[in-house]
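Below you'll find the structure, written out as structure tokens, and then a few comments.
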Amino acid sequence: MIDLKNKSAIVTGGARGIGKGIALKLGSLGANLVIADLNEEQTKACVEELKGKGYKAIAVKCDVSKEEDAVALVDACQKEFGSVDILVNNAGITKDTLLMRMKKEQWDAVIAVNLTGTFTCTQAAIKYMLKQKSGAIINLSSISGENGNIGQTNYSASKAGVIGFTKACALELASRGIRVNAIAPGFIATDMTAAIPENIKAGMINAIPLKRAGLPEDIANAVAFLASDASSFITAHILDVNGGGFLPGGGH
Ligand SMILES: NC(=O)c1ccc[n+]([C@@H]2O[C@H](COP(=O)([O-])OP(=O)(O)OC[C@H]3O[C@@H](n4cnc5c(N)ncnc54)[C@H](O)[C@@H]3O)[C@@H](O)[C@H]2O)c1
């Protein structure tokens, strides 16, 4: 059984969507939670909901693309809970458009949050994890990082970068008791994918062998496994959670 009692977990982009689903799951397994997000109001509301369920949780306003925010985030976790055991690099954005129309700002923004944000938080967290000689880091990649996707050159590159970063970190940190894995979700029903037109969404779901959109809980279950001792011999792994589908031109 998965037990995360007395473990502290930082979830970036934890105010809503997949991140909130992860926070709820890790809290239900006993973890103490640090919810880090740009959106202060939603972060506070999420923390109130977690506390209402009897979980220990704090909110930290944070832009993961800023190194000083990442350092302050991890320090807040250490100060509040006395350790930094689990880091979930979940914060992510899209700025979709065809390459021929993409502005450099759209490229830079997506790389800054999805890839650089994963770097800043990981580097800050391992300062404590190396001392502890333990830790589990779970990065959110995407099916688009594995396959590429039309209109998502920036996003696909950032999420492919997360895969390379995950594997290199895992090799560097394995001897210090720190495991680093990634999850590559397929189509998951959240605010991020809500903007996709209904007819396109229906086609994407139809192309998924399990014939449904994924839910934040589907990703949260995988994160709980990778965060726990149940996966103690797993590192440098990219876990597909996509309903069986490597969709041509589908998924975020
Ligand atoms: N929804 C999907 O189908 C899908 C598929 C594959 C991968 N993913 C990945 O899963 C993760 C979560 O996706 P989601 O669908 O829940 O997205 P979402 O847009 O619903 O939530 C993302 C959260 O991240 C926060 N955030 C954005 N920029 C930030 C920053 N600079 N610093 C801190 N927080 C920031 C937002 O405020 C928001 O609360 C992302 O990394 C996304 O790329 C999603």
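The values are calculated or read from the model by the stated rules, or taken from the named source; none is laboratory data. What you see is a predicted model, and the numbers here were worked out from it, not measured in a lab. Glycine also receives a Cβ, built like all others from the backbone with ideal geometry; neighbour counts cover every protein chain displayed. Ligands, DNA and RNA are stripped out before the accessible areas are found, and what is left, the full protein with its side chains, is counted by its heavy atoms. Shrake-Rupley method; radii C 1.70, N 1.55, O 1.52, S 1.80 Å.
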Acute angle (nearest 10 degrees) that the helix 117-132 long axis makes with the longest principal axis of the chain, alpha-carbon atoms: 30
Calculated P(r) of the stretch 8-241 - Cα pairs past 25 Å, %: 36
Anchor Lys61: lysines whose Cα lies under 19 Å away (excluding residues fewer than 8 positions away in-chain): Lys20, Lys44, Lys51, Lys79
Distance between the stretch 1-58 and the stretch 175-195 - C-alpha centres, whole angstrom: 16
Computed FRET value (nearest 0.05) for Asp240 with Lys104, which takes r as the C-beta separation and R₀ as 22 Å: 0.10
Solvent-accessible area, 1.4 Å probe, carbon plus sulfur percent, for the chain: 55
Solvent-accessible heavy-atom area per residue, rounded to whole Å², over the chain at 1.4 Å: 45
Relative contact order [Cα under 8 Å, 6+ residues apart], the chain, whole percent: 20
Computed label-point distance, nm, for sites Glu40 and Lys131 using a 7 Å Cα→Cβ extension: 2.9
With Cα atoms, 0 to 90° folded angle of helix 216-227 axis to the chain main axis: 40
Fluctuation leader among Leu98, Leu38, Leu50 - the chain, Gaussian network, Cα springs under 10 angstrom: Leu98
Inter-label distance, nm, simple model (7 Å from Cα along the C-beta direction), Glu68/Asn199: 4.9
Inter-label distance, nm, simple model (7 Å from Cα along the C-beta direction), Asp191/Glu172: 3.2
